[in-house]
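Below is one structure, written out as structure tokens, with a few remarks after it.
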Amino acid sequence: MNSDAPKHKKIASYLKDIVYGANDGLVTTFAVIAGVAGASLDPVIIVFLGLANLLADGFSMAASSFLASRSESDVFYSEREVEHWEVSHKPDIEEGEIRDILAKKGYLGADLDQMTALVIKNKKFWIDLMMGEELGLAPVGEARPLKGATITFFAFVLAGFMPVLPFFFIYSDVSAFWISSAVAGAMFFIIGASRSVFTKRKWLWSGLEMFLIGGLAAFISYAVGFLIRAVIS
């Protein structure tokens with residue numbers, strides 16, 4: 001048995017938070033930049049709106065991640081207590097449910113009797129099996145929600161800050177926007193390609209998909225900003 005497997009699984013989970021946090025940070029922030037650029041507003045406004053979006057949306061996303069993970073964890077442990085009580089107080093009923101589960105897995109006759117007897121000898125395994133097979137619930141680490149939310153926040157902020165960065169150093173709003181677009185485009189592709197680690201899709205197509213989706217979001221925002229400028233000018 002590979003003792004490093006749980007550690008690798010946890011690292012993969014954190015990497016997933018990084019990738020998806022960065023993905024959302026980049027899309028939402030560059031959409032704001034594109035909208036302001038389309039409206040031909042002062043680059044200073046882009047900086048302020050971009051930073052405001054980073055902090056507000058980053059916190060919102062991290063909070064949502066924390067609450068979702070905490071709720072998932074609370075549901076799991078609440079249901080586990082129920083299963084523990086039922087196994088302790090209604091063993092005959094729970095044993096019948098285990099037999100049904102094992103029967104659906106293909107065990108019959110003497111094999112079914114033997115497997116059922118083995119399962120109910122180990123109360124922890126018995127409850128774990130009921131949680132997974134009957135309720136479809138998997139355990140969530142107690143420290144996971146806060147760490148996941150923190151990682152998501154910093155990934156969101158760091159990735160989203162990159163397309164804002166050119167506006168700190170380039171005073172031509174047109175030049176800054178095109179450089180920001182190039183930076184965002186490259187990051188769209190890189191972050192999209194990195195999603196293939198979890199989705200198991202080809203990295204090239206994952207990268208191109210993210211590039212196109214991010215570009216479409218930016219185009220829509222730019223068009224809205226342009227139309228607003230045309231209406232009010």
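The values are calculated or read from the model by the stated rules, or taken from the named source; none is laboratory data. These figures come from a predicted structure and were not determined experimentally. Methodologically, a virtual Cβ is constructed for each residue, glycine included, from the backbone with ideal geometry; neighbour enumeration extends over all protein chains shown. Only protein heavy atoms, including side chains, enter the accessible area calculation; ligands, DNA and RNA are left aside. Shrake-Rupley method; radii C 1.70, N 1.55, O 1.52, S 1.80 Å.
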MET130, MET115, reordered so the largest accessible area comes first (probe 1.4 Å) = MET115, MET130
message = Test of understanding: what is the full-extension gain from LEU108 to LEU204, defined as 0.36 nm times their sequence separation minus their Cα-Cα distance?
response = 29.8 nm
request  = Give me the distance in nm between label points sitting 7 Å out from Cα along the Cα-to-Cβ direction at VAL231 and SER71, one decimal.
outcome  = 3.4 nm
query = Dipole of the chain, Cα-centred, from +1 at each Lys and Arg C-beta and -1 at each Asp and Glu C-beta, to the nearest 20 debye?
reply = 840 debye
query = What residue among MET131, ALA186, ILE98 has its Cα farthest toward the positive end of the dipole of the chain, where the charges are +1 on Lys, Arg and -1 on Asp, Glu, each on the Cβ?
reply = ALA186
Extension gain, SER88 back to PHE59 (0.36 nm per residue minus Cα-Cα distance, nm) = 6.1 nm
Which of ILE170, VAL87, SER40, positive extreme of dipole for the chain (C-beta unit charges) = ILE170
remark   = Checking rank on 182-195, 30-43, with mean other Cβ inside 10 Å and highest first, the result is 30-43, 182-195
task = Kindly rank 90-97, 47-54 from highest to lowest mean number of other beta carbons found within 10 Å of each residue.
result = 47-54, 90-97
request  = Please list the helices of the chain that count as membrane-span-like by this rule: a mean Kyte-Doolittle hydropathy of at least -0.5 together with Cα atoms stretching 18 Å or more along the helix axis, each helix being a complete DSSP H run.
outcome  = 5-38, 43-89, 109-121, 144-161, 173-194, 203-232
Ranked by how many other beta carbons lie within 10 Å on average, peptides 76-86, 60-70 from highest = 60-70, 76-86
message = Based on the alpha carbons, how large is the Rg to Rh ratio for the chain when Rh follows Kirkwood?
response = 1.19
query = So how exposed is LEU158, as accessible area in Å² (1.4 Å probe, rounded to 10)?
reply = 120 Å²
task = Provide the per residue accessible area, probe 1.4 Å, for the chain, rounded to a whole number of square angstrom.
result = 60 Å²
